[in-house]
Amino acid sequence: MSRRHRRTPADTPPPDDVFAEMLLAARELLAVRSPLDAELMVSDMIGAWWGKRLHGGDVEQVLGEGLVDYAAKAGTPAGLTLLIAMAYLGTARQAAKAEGAALALMESGVARPGWADRVGAVKPAGCYVSRDAYGDQDTVVCTFAYRSPGSYRSGAPSSPEEGEDRHALVVVVDYNMRGMARDAWVSSQVDKLLEQASAEAGGNPMLRFEELEPQQARALLESAMKATRDGFDRKGPPPVSDSYGTYHAFARARIKALPPGRKRPAPLHTEAPYSRERRAMLAAEFLASDAAEHLSDPSAASRCADHIIDYGCEQDFMRPMRVSPTKCETFLLDWLPKKIMLSPAEQEAVPYVLSAWVRFAGRRTGLPEEGCGPRWTRCGRPRRSSPRRTATRPPPSGWTASWWRGCCPTATCRRWRGGRSRSRSCRARPVTSCSTGSTRPTTATGGC
């Protein structure tokens, strides 16, 4: 019996039917008058295969470079417009091939669109970042403007205010997912976007909105997009928004327009590196604090505190003192069961130790009072605002208000203990959290 022949990437035929449809859709680029609209349309087009996998081949090579070759062979005005945009938005290999093919078509007399000379001719106008007090996310806003037609032809410098088609690139960096970029979009209403973000931060102590140096913005976004790219595993692509692939190529190109030369800015609540000795001293301070006085098993509490500190140092950019509902849930229900083999005593103690750690670390880091007892939705997720087009995607479900108020929540305990029945009630005592003015009563008790 002969072995089945396996195709190598070179044997894989290009999907000409798909390329034909994409080239047909590229005809709309001929009617576009703005280079921004053209770039967004092509970014959406090539974003169709972002995050996809091909058996036996690289998707950017098979589809991306294959589309460039197909457009070059077509030799039509629509193919030229697609090549011009791909020369700016594509990967390094795609851009090099697209630029050479576009020059060849223009020399042969193929008509090019009026916006061809202005693709990518942008200048950064300003960069900003919106941060929540928990340190969960950074929403980075980078504003750009196209250089005026006279300035790029004459070579004279122009200010961003004198440019055309001002727009903002917004990228959400999620530190609970190792600092990866989770969402991206583009807005043409720059002034409204900045005013809304500034107003929300001014009226919400849980938000900070400030300027960011363009060099730092580039370093931060490059690191975040690399973390997203590295997040691919055998289970599939990283958990990003539906629009991330649409704007991925556009964001990658715009980041290169920012000046380089700075290190990635440290996330909120970042401290000096924690050695083993410093971690042990922090655990001792916690166990001797008022927050841990109710813990009845010092030995199990000490080991659980070590796990909490190790998680913050190794998985959260050396931030063991940072606390947030999402981080605590990820630690308890995701990282801890996968990485640590707990004894029965530690399994009983870890929810109480984590609650005590939240109170201890929240006071040490100066977490605002509003962060100690936030308003929660019916499913127990905090409501917070960020400068985006739609409502902010909340943290994962499963978190309960009673946990953050300082006691062991019934639902989370059941999930943690695997739904085992218990013969005695939880020893959590009523805890009063910080009031936020118009919130519901803050006294909570919990049972497991």
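A few points about this structure:
- Only one entry in Leu29, Leu40, Leu36, Leu82 is under 30 Å from Gln189 (Cβ atoms), in contact with a strand residue (DSSP E or B) (Cβ under 6 Å, 6 or more places away or on another chain) and assigned to a helix (DSSP H, G or I), namely Leu36.
- Out of Leu295, Leu287, Leu268, one residue alone is surrounded by 15 or more Cβ atoms within 10 Å (Cβ to Cβ) and in contact with a strand residue (DSSP E or B) (Cβ under 9 Å, 6 or more places away or on another chain). It is Leu268.
- Test: Ala217 is under 21 Å from His269 (Cβ atoms), assigned to a helix (DSSP H, G or I), at pLDDT 95 or above and of a type in the set (A, V, I, L, M, F, W, C): yes
- Check on Gly366, within 19 Å of Asp132 (Cα to Cα), buried (at least 23 other Cβ atoms within 10 Å of the Cβ) and either small (Gly, Ala, Ser) or under 19 Å from the mean Cα position of the chain (by Cα) (or both): no
- Checking Pro157 against (1) in a strand (DSSP E or B); (2) modelled with pLDDT under 95, the condition it does not meet: (1)
- Qualifying residue in segment 60-72 (condition: without any contact (Cβ under 8 Å) to a residue 24 or more places away in the chain and in a helix (DSSP H, G or I)): no
- Residues of segment 307-346 satisfying the condition of being in contact with a Lys or Arg (Cβ under 9 Å, 6 or more places away or on another chain) and open to solvent by 60 Å² or more (accessible area, probe 1.4 Å): Phe317
- Test set (1) open to solvent by 10 Å² or more (accessible area, probe 1.4 Å); (2) in contact (Cβ under 8 Å) with a residue 40 or more places away in the chain; (3) under 24 Å from Lys256 (Cβ atoms) - Gln196 fails condition number: (3)
- Within segment 271-284, being surrounded by 15 or more Cβ atoms within 10 Å (Cβ to Cβ) and more than 24 Å from Met341 (Cβ to Cβ) holds for Glu271, Arg278.
- Qualifying residue in segment 91-102 (condition: in contact (Cβ under 8 Å) with a residue 12 or more places away in the chain and under 30 Å from Ala197 (Cβ atoms)): no
- Residues that are among the aliphatic types (A, V, I, L, M), outside any loop (DSSP other than H, G, I, E, B) and open to solvent by 30 Å² or more (accessible area, probe 1.4 Å), drawn from segment 100-144: Leu103, Ala104, Met106, Ala125
- Test: residue in segment 328-345 that is free of Cβ contacts under 8 Å to residues at least 40 places away in the same chain, of a type in the set (Ser, Thr, Tyr) and not in a loop (DSSP other than H, G, I, E, B): no
The values are calculated or read from the model by the stated rules, or taken from the named source; none is laboratory data. Small disclaimer: the values here were computed from a predicted structure and weren't measured. Here the Cβ is made from the backbone with ideal geometry for all residues, glycine too, and neighbour counts use every protein chain on show. Heavy atoms of the whole protein, side chains included, go into the accessibility calculation; ligands, DNA and RNA do not. Shrake-Rupley method; radii C 1.70, N 1.55, O 1.52, S 1.80 Å.
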